[in-house]
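The values are calculated or read from the model by the stated rules, or taken from the named source; none is laboratory data. Since the model is a prediction, treat every value here as computed from it, not as a measurement. Ideal geometry is used to build each Cβ from the backbone, glycine not excepted, and the neighbour counts take in all protein chains shown. What goes into the accessible areas is simple: the full protein's heavy atoms, side chains included, and nothing from ligands, DNA or RNA. Shrake-Rupley method; radii C 1.70, N 1.55, O 1.52, S 1.80 Å.
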Amino acid sequence: FEVALELKARGRDVGVVALFDALAPGALEGVGVWARVQLHGRELLRRGIPYVREKVDARIHRLRERINRARLRAKRALGLEIEEELRILEFIDSNVSAANEYVMGTYPGTLTLFRATEDVFYSKAYQASALGWSSYAERVETVDVPGDHLSMLAEPHVSTLAEHLKSALLEVSG
């Protein structure tokens, strides 16, 4: 996105700006509690125990991150040495902070958003706004791709994604 903005500002042509299930900066608009329960219920019925394991693993991962952030804050406050694992977390946090402070421009063209269709917990309005990107471009073309945020990039879904991407590239190349 940023490279395309810079190229356009310098008068260069940009064929396709492709975003892969990327959320635009700003507030994420999720669904309400009851809708989340229904979505989880559908996924549980569809995928069974592996879905529960996946959700438990994700919860454990988030808990570990919270604990590590607390350790990082304590070590900083006490002036103690920060080990590699926490330095990586510190790096990630500084990037997130920089991203939150950055003011986005508006792209003077079309963005193509390849949006995952599974395990989606966004409100209908947020989905309709192309995951928030409609505020940052003249036009957003949304292409729904099977899979979740990560599985859309792996078999069997990546083949569908590749076909859609190929079509977008052929469209601009004439």
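Assorted remarks:
- Test for residue 89: is it surrounded by 14 or more Cβ atoms within 10 Å (Cβ to Cβ) and not in a helix (DSSP H, G or I): no
- Subset tally (residues that are surrounded by 18 or more Cβ atoms within 10 Å (Cβ to Cβ) and under 27 Å from residue 55 (Cα atoms)) for the range 149-174: 3
- Hits in the range 51-71 (condition: closer than 22 Å to residue 149 by Cα and among the hydrophobic types (A, V, I, L, M, F, W, C)): 52, 56, 58, 60, 63
- Among residues of the range 92-139, those that are part of a strand (DSSP E or B) and modelled with pLDDT of 85 or more, counted: 13
- Of the candidates 58, 77, 24, the single residue that is surrounded by 14 or more Cβ atoms within 10 Å (Cβ to Cβ) and at negative phi is 24.
- Of the residues in the range 28-40, at least one is out of contact with any Asp or Glu (no Cβ under 6 Å at 6 or more places or on another chain), closer than 30 Å to residue 169 by Cβ, in a loop (DSSP other than H, G, I, E, B) and of a type outside the set (Ser, Thr, Tyr).
- Selection count where residues are aliphatic (A, V, I, L, M), at pLDDT 95 or above and either in a helix (DSSP H, G or I) or open to solvent by 50 Å² or more (accessible area, probe 1.4 Å) (or both), scope the range 8-21: 0
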